[in-house]
Amino acid sequence: MSFDFDQEIDRRGTNCMKWEFVLNGEELIFGDHADRKHGPDRLLPMWVADMDFRCPPAVVDTLTQRAQQGVYGYSYPCDSYFEAVTDWFSRRYEWQIRRDWITLTPGVVPAINMLIQTFVAPGEKVLIQRPVYYPFFDATQLNGAEIVSNSLVFPGDRYEMDFDDLAKKAADPAVKMAILCSPHNPVGRVWTAEELARFGRICLDNDVLVVSDEIHCDLLYKGQRFTPFAKAGENFAENSIICTAASKSFNLAGLKISNIIIPDETRREKFVATGKRHGLFGANAFGLVAVEAAYNYGEEWLAAVMAYVEENYNFMVDYVDKHLPQLKAVRPEGTYLVWVDFRSLGLDPQARKELLMEKAKIYLDEGEMFGPEGEGFERFNIACQRSILEEAMARIKVVVEDLAKEPFKEKAPTRFQPSV
Ligand SMILES: Cc1ncc(COP(=O)(O)O)c(C=O)c1O
């Protein structure tokens, strides 16, 4: 079957966060690009992580049939749902999940919040690996816990874990949980089995519970192999909670459904009890049928979409090499996100935002959102039609070239020198 990923789809008028809203501080506001503005003036949103592609045809058909039935009452997952989920992980990653390990939540981010509420007391600490997906910060702090960063290191080509630092930080008895982002958003690493084994061993030795956010696990570039954390070492499954979803893989994020895998029974009971305190019961009627159809019939589409995304990356990196040598794209191994180094332009976050958002009219996630380690970077979402990416790159070229033409502004001399 062939899929047309080149066709642009007008997503405006669908309550679409990416194309109709902009983030203003903490608040989402209906953006100026929502007013049906098209042509060269349109803002190109490459920020929030969803795809601009239609989902697998089997998902669209199933949802259409479900919608046409016309009754949307309370829904609950049945056997065929659990089979689709467990078969997917067994078929693709040789990971045997028992059905009773799975708890459904309306998203991975809500689940991470609930996990912190369940397993980390106020004042205790959660270890994360910045630069990292920023909702981990809120999930920790809004639930009264403290962030400890075992920051990734970037020796030049790809990001790596700092295991010496991890061992020191995990030894703090106040660190109760480590959130692993695997594959990692935004730096695109697909952690190797060896890296996961070292990470997991240190956490296990220090009695730190691992929450492994594996939402991007199916989005792999050629030659990459994903290892579920639970399979990376002895007793890792019992010491971990694995957050999965079909939402990134098949572009279903708006359906709000995810599967949280908790092999340890006592921990599972505690998590389910937290869910009850939030009144969680059942699941989204459309999410259930969409996930089942995606896992059962979406594999060919997934391979095709990742091949398209990889070609997008190849186009992008080629363009950067030829026309924007000041920038450096960090090669992703997984995810459809590309982390790009803008540091050589020497712009502060505000100046970079003006350049990209105001002048080029491209809406990216600025690196600083992912922690201080992201300073000077931008995150691009390249799960879009090639025409959009081409337009975005061409616009960046124009504004970066204009920047070089601007007269050199000498810095005002410092009038006072500190006396120490
Ligand atoms: C690492 C990671 N976890 C979780 C999410 C969001 O999960 P959900 O929409 O299920 O809350 C994202 C979305 O970008 C993500 O990148």
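Throughout, read-outs are computed from the coordinates displayed, never taken from laboratory work. Since the model is a prediction, treat every value here as computed from it, not as a measurement. Note that we place each Cβ from the backbone using ideal geometry, even for glycine, and neighbour counts take in every protein chain shown.
Which ³J(HN,Hα) values, rounded to whole Hz and listed in residue order, are derived for region 354-371 from phi using the Karplus coefficients 6.51, -1.76 and 1.60 in 6.51 cos²θ - 1.76 cosθ + 1.60 with θ = phi - 60°, glycine and proline given as x?
Each residue of region 354-371 in turn: 4, 5, 8, 7, 7, 8, 7, 6, 10, 9, 10, 8, 6, x, 4, 5, 8, x Hz.
Along the Cα→Cβ direction, 7 angstrom out, place labels at residue 29 and residue 98. What is the inter-label distance in nm?
Here the answer is 5.3 nm between the modelled labels.
When all alpha-carbon pairs of region 124-206 are counted, what percent fall beyond 22 Å?
21
Express the relative contact order of region 57-297 as a whole percentage, based on alpha carbon pairs under 8 Å and six or more residues apart in sequence.
With pairs under 8 Å counted, the relative contact order is 28 percent.
Along the Cα→Cβ direction, 7 angstrom out, place labels at residue 87 and residue 318. What is the inter-label distance in nm?
Inter-label distance under the simple model: 3.9 nm.
How do 278, 216 rank when sorted from fewest to most other Cβ atoms within 10 Å of their own Cβ?
Ordered from fewest to most neighbouring Cβ atoms within 10 Å, 278, 216 come out as 278, 216.
Please give the residues of region 1-16, grouped as numeric ranges, whose backbone N is less than 17 Å from a label point set 7 Å along the Cα-to-Cβ vector of residue 64.
2-4
For residue 224 and residue 348 in one chain, what is 0.36 nm times their gap in residues minus the Cα-Cα distance, to one decimal in nm?
Roughly 41.2 nm would be gained on extension.
Under the Kirkwood approximation applied to all pairs of distinct alpha-carbon atoms, what is the hydrodynamic radius of the chain in Å?
Evaluated over the chain, this radius sits at 22.7 Å.
What residues have an amide H closer than 5 Å to that of residue 283, excluding those fewer than 5 places away on the same chain, when H is modeled at 1.01 Å from N in the peptide plane?
Those qualifying (amide H under 5 Å, at least 5 residues apart or on another chain) are 75, 76.
Short version: what are the Cα gyration tensor semi-axes of region 251-390, square root of 5 times each eigenvalue, largest first, in whole Å?
Listed largest to smallest, the semi-axes of region 251-390 are 37, 22, 14 Å.
Determine by what factor the alpha-carbon radius of gyration of region 343-382 differs from 2.2 N^0.38 Å, reporting the quotient.
Computed over Cα atoms of region 343-382, the ratio equals 1.07.
Which semi-axis lengths, in whole Å and largest first, follow from the square roots of five times the eigenvalues of the Cα gyration tensor of region 57-297?
In descending order, the three semi-axes are 30, 21, 16 Å.
Give me the net charge for the shell around residue 219: Cβ to Cβ below 14 angstrom, other residues only, Lys and Arg +1, Asp and Glu -1.
So the environment of residue 219 carries a net charge of -2.
What is region 51-196's relative contact order, in percent, from Cα pairs under 8 angstrom and six or more apart in sequence?
Reported as a whole number, the value is 18 percent.
Give me the extension gain from residue 138 to residue 76: residue separation times 0.36 nm, minus the current Cα-Cα distance, reported in nm with one decimal.
19.4 nm
Roughly how many nanometres apart are two label points built 7 Å out from the Cα toward the Cβ at residue 168 and residue 269?
With each label placed 7 Å out from Cα toward Cβ, I get 4.0 nm.
Please tell me the relative contact order of the chain in percent, rounded to the nearest whole number, where contacts are Cα pairs under 8 Å and at least six residues apart.
Rounded, it is 21 percent for the chain.
Report the Rg/Rh value for region 250-323, based on alpha-carbon coordinates and the Kirkwood definition of Rh.
Reported Rg/Rh (Cα atoms, Kirkwood Rh): 1.20.
Determine, for 384, 16, the number of other Cβ atoms within 10 Å of each Cβ, and report the residues in order from fewest to most.
Going from least to most buried by this count: 16, 384.
Provide, as a two-decimal number, the C-alpha radius of gyration of region 302-355 over 2.2 N^0.38 Å, N being how many residues it has.
Compactness ratio reported: 1.31.
Which value does Rg/Rh take for region 1-127 over its C-alpha atoms, Rh per Kirkwood?
With Rg and the Kirkwood Rh in hand, the quotient comes to 1.03.
From the helices alone, meaning DSSP H stretches of at least four residues, give me the mean residue ellipticity at 222 nm for the chain, per-run term -39500 (n - 2.57), in deg cm²/dmol to the nearest 500.
-11000 deg cm²/dmol
If exposed chymotrypsin sites (Phe, Trp or Tyr not before Pro) are those in a DSSP loop with at most 13 other Cβ within 10 Å, what is the longest stretch of the chain that has none?
Answer - 75-280.
Could you go through region 249-259 in sequence order and give the Karplus-derived ³J(HN,Hα) for each residue, using 6.51 cos²θ - 1.76 cosθ + 1.60 with θ = phi - 60°, rounded to whole Hz, and x for Gly and Pro?
Calculated HN-Hα couplings, in order: 4, 10, 6, 10, 4, x, 8, 6, 8, 8, 10 Hz.
Would you look at the GNM of the chain, springs on alpha carbons closer than 10 Å, and say which of 132, 398, 330 moves the most?
Largest GNM mean-square fluctuation: 398.
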